[in-house]
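Okay, handing you the structure first.
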Amino acid sequence: MKVLFLGTPNFAAEHLKALLENYVNVVAVVTQPDKPAGRGLKPTPSPVKLLAKKAAIPVYEQLKLVPFEMLKPDICIVVAYGRIISKHYLDMLPFYNVHPSLLPEYRGAAPIQRAIENGEKITGVTIFKLTEQLDAGPIAMQESLKIGEFETFDEVEAKLVELGCKMLIDFLKDPFSHPLTPQDESRASYAPKIEEKDLLVDFSRPVEKVKDKIRAYDSKPGARAVLNGVYVKIFGAKSIERCETDEPGVIAHINHDGALVTTSSGLVLVSHIQFPGKRKMKFSEAFNGRLLKINDRFHL
């Protein structure tokens, strides 16, 4: 079976890698164009493009450039491609998407972050057939996994990559044998693209919400708040203590494990902080370096 693979970030590259390791015949890859990155804003290829080039697989930056008549793909696999696929192509070939959520929940661009931020205890992977409506096509396969109370975005994403790769390999053994189940529109929810405002930690919210906000953006791009007049990034929500507090956002205590910070309903232990232009460091390092002190306060 000939596969045309569409994807862009590292999440997609891991799935492409799994296909290649399992000797799936990937005839070409479609990915987003090179984007400026780093201090020099040098055009940088996507992780999917880098992997495809290394494997000597043809790479195209637009679907319209793909020589379908020459390649003759049997199926198209889409993993975090980042573009809407038009009806013209959906009518031409079967397109199946690997989506890291339990559809119809968390349709859209940021399902992993939004699920963690909302305190979900279960997520999963869905393989579904693409239609014109966003992430709304009929489901071919779906499996779930648990989200730990303090698991970060990185940790949850790694588990979803492992599950998604396994499911995709199983699916491609006989893709058209899987019955398609329509999604239940009454259960649909959306996971919009992450914006700068989404990263801000409001310590006046309940302790569980603060903890979930921090871990949803750990390690990238990092949750943030203002401390002593500058925006800092905060990582590693390790534990919570439900108790009465006087003022939210106050650094109440610092030890080797991190800083205990007040919220509206208790204390959250946060392990690391990053100041502008500096590396990520433990709160104890920042304290010893006189970058912060007890009773300093985070705010929006």
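Can you tell me which residues in the stretch 37-76 are of a type in the set (Ser, Thr, Tyr) and either open to solvent by less than 50 Å² (accessible area, probe 1.4 Å) or in a helix (DSSP H, G or I) (or both)?
Answer for the stretch 37-76, where residues must be of a type in the set (Ser, Thr, Tyr) and either open to solvent by less than 50 Å² (accessible area, probe 1.4 Å) or in a helix (DSSP H, G or I) (or both): SER46, TYR60.
Output the residue which, of all residues in the stretch 104-137 that are among the polar types (S, T, N, Q) and farther than 19 Å from PHE11 by Cα, is surrounded by the fewest Cβ atoms within 10 Å (Cβ to Cβ).
Of everything passing the filter in the stretch 104-137, GLN133 is surrounded by the fewest Cβ atoms within 10 Å (Cβ to Cβ).
Moving on. Somewhere in the stretch 172-180, is a residue within 30 Å of VAL261 (Cβ to Cβ), in a helix (DSSP H, G or I) and over 20 Å from the mean Cα position of the chain (by Cα)? I'd like the intermediate steps shown before the answer.
Initially, the stretch 172-180 is screened for residues within 30 Å of VAL261 (Cβ to Cβ), giving none.
Checking the stretch 172-180: not a single residue is within 30 Å of VAL261 (Cβ to Cβ), in a helix (DSSP H, G or I) and over 20 Å from the mean Cα position of the chain (by Cα).
Quick one: what pairs do we get from the stretch 274-288, first residue without any contact (Cβ under 8 Å) to a residue 24 or more places away in the chain, second in a loop (DSSP other than H, G, I, E, B), C-beta under 6 Å, 6+ apart or different chains?
Going by the 6 Å Cβ cut-off, the qualifying pairs are ALA286/LEU292.
Return the only residue of LYS35, LYS54 being among the charged types (D, E, K, R) and farther than 24 Å from LYS193 by Cα.
Answer to the selection: LYS54.
If you don't mind, there's one more thing I want to ask. Could you check the stretch 207-276 for strands (runs of 3 or more DSSP E) lying wholly inside it with 2 or more residues that are of a type in the set (Gly, Ala, Ser) and open to solvent by less than 60 Å² (accessible area, probe 1.4 Å)?
Answer list for the stretch 207-276: 223-227, 230-242, 258-262, 266-274.
Quick one: what pairs do we get from the stretch 116-137, first residue in a loop (DSSP other than H, G, I, E, B), second among the small types (Gly, Ala, Ser) and open to solvent by less than 30 Å² (accessible area, probe 1.4 Å), C-beta under 7 Å, 6+ apart or different chains?
Going by the 7 Å Cβ cut-off, the qualifying pairs are LEU130/GLY137; THR131/GLY137; LEU134/GLY108; ASP135/GLY108.
May I pose another question? Name every residue in the stretch 138-166 that is under 30 Å from LYS197 (Cβ atoms), in a helix (DSSP H, G or I) and open to solvent by 30 Å² or more (accessible area, probe 1.4 Å), in order of residue number.
Listed by number, the residues that qualify are ASP154, GLU155, GLU157, ALA158, LYS159.
List the pairs whose first member sits in the stretch 84-109 and is at positive phi, whose second member is buried (at least 19 other Cβ atoms within 10 Å of the Cβ), and whose Cβ atoms are under 7 Å apart, counting only residues at least 6 apart or on separate chains?
TYR106/ARG114; TYR106/ALA115; TYR106/ALA191; GLY108/ASP135; GLY108/ALA191
Select from the stretch 277-300 the residues that are open to solvent by less than 40 Å² (accessible area, probe 1.4 Å) and either in contact with a His (Cβ under 6 Å, 6 or more places away or on another chain) or not aliphatic (A, V, I, L, M) (or both) and write down the one among them that is nearest to SER204 (Cα to Cα).
Among them, the one singled out is PHE298.
Limited to the stretch 1-16, what total is found for residues that are in contact (Cβ under 8 Å) with a residue 60 or more places away in the chain and not in a strand (DSSP E or B)?
Count: 8.
Right, LYS220: more than 19 Å from LEU200 (Cα to Cα), touching a Phe, Trp or Tyr at 6+ places or on another chain (Cβ under 8 Å) and of a type in the set (D, E, K, R) or not?
no
Per-residue answers, yes or no, for (1) under 30 Å from LEU4 (Cβ atoms); (2) in contact (Cβ under 8 Å) with a residue 60 or more places away in the chain:
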position	(1), (2)
GLU151	no, yes
LEU160	yes, yes
TYR190	yes, yes
LEU200	no, yes
ALA237	no, yes
CYS243	no, no
VAL250	no, no
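The values are calculated or read from the model by the stated rules, or taken from the named source; none is laboratory data. The model shown is predicted, which means the values in this text are computed figures rather than measured ones. Positions of Cβ are backbone-derived with ideal geometry, glycine not excepted, and every protein chain shown enters the neighbour counts. We work out accessible area using only protein heavy atoms, side chains counted, and drop any ligands, DNA or RNA first. Shrake-Rupley method; radii C 1.70, N 1.55, O 1.52, S 1.80 Å.
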